[in-house]
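K.L.:
I'd like to ask you about the structure that follows.
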């Protein structure tokens, strides 16, 4: 193994990268203005003690610790268990979140059972339904199946920044820059489909996908930047495959 590869995989470098990411996110927040709107449905569910799923696109996770900073201790997120995913899990832990690691090689039945158990215990779960590998901003069936099984509503959320860099990753990851204006928008709660109703399942899936993109686009417009386009439908159809609850769908 080369020296560079050993360094990249070393625990010391891992910790250093984690601390840099945490420092950077906090620096962006401190140097920027930040506005959160549309929280009525989210706060109403929380006040009632009801569990719910928070849905957000994978490319907009960087500033999400500040989307609901009042109740971070009441949110569990799903993240990949590979090296990059561990950075996310450890970083979110520093902001008060708990996390469920997902191994795409082992399948999603174990994490799915954990999610259902937490929802039944009244927890709130954050899921990126196009992660961890895409296609970008296309919602597969895993998250909707979880909502259906638990009969739990879905609350979409997005944010935008006036100063940003879009990375050349599959999701066009939105890297926020300091000294910016940020807008975070929460949407209305979307009820899960009834069990066994395939037409309602697809209707809810399309509704959540559309609403997530609408919120993201509105955030970008308010920040004066160009919205990020979803992956073309033909690419989404080719990569998504059949709906199932699995690690790749709920990472």
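The values are calculated or read from the model by the stated rules, or taken from the named source; none is laboratory data. Only a predicted model underlies this, so the values are computations on that prediction, with no experimental measurement involved. Neighbour counts are summed over all protein chains in view; Cβ atoms, including those assigned to glycine, are modelled from backbone coordinates with ideal geometry.
K.L.:
What residue, among those in the range 63-72 that are surrounded by 19 or more Cβ atoms within 10 Å (Cβ to Cβ) and under 13 Å from residue 25 (Cβ atoms), is nearest to the chain's Cα centre (by Cα)?
P.N.:
64
K.L.:
Still on this structure: Identify, by number, the condition in (1) modelled with pLDDT of 80 or more; (2) more than 26 Å from residue 172 (Cβ to Cβ) that residue 93 doesn't meet.
P.N.:
(1)
K.L.:
Okay, moving on. Among the residues of the range 45-56, how many are out of contact with any strand residue (DSSP E or B) (no Cβ under 8 Å at 6 or more places or on another chain) and either free of Cβ contacts under 8 Å to residues at least 24 places away in the same chain or surrounded by 14 or more Cβ atoms within 10 Å (Cβ to Cβ) (or both)?
P.N.:
3
K.L.:
Can you give me the ranges of the strands (runs of 3 or more DSSP E) entirely in the range 116-207 with at least 2 residues that are in contact with a helix residue (DSSP H, G or I) (Cβ under 8 Å, 6 or more places away or on another chain)?
P.N.:
On the way: elements: 124-127, 154-161, 164-166, 174-176, 181-186.
Of the strands (runs of 3 or more DSSP E) lying wholly inside the range 116-207, those with at least 2 residues that are in contact with a helix residue (DSSP H, G or I) (Cβ under 8 Å, 6 or more places away or on another chain) span 124-127, 154-161, 174-176, 181-186.
K.L.:
Determine the pairs where a residue that is within 11 Å of residue 171 (Cβ to Cβ), located within the range 57-73, has a partner that is at pLDDT 90 or above and assigned to a helix (DSSP H, G or I) with Cβ atoms under 7 Å apart, the partner being 6 or more residues away or on another chain.
P.N.:
57/212; 57/216; 60/216
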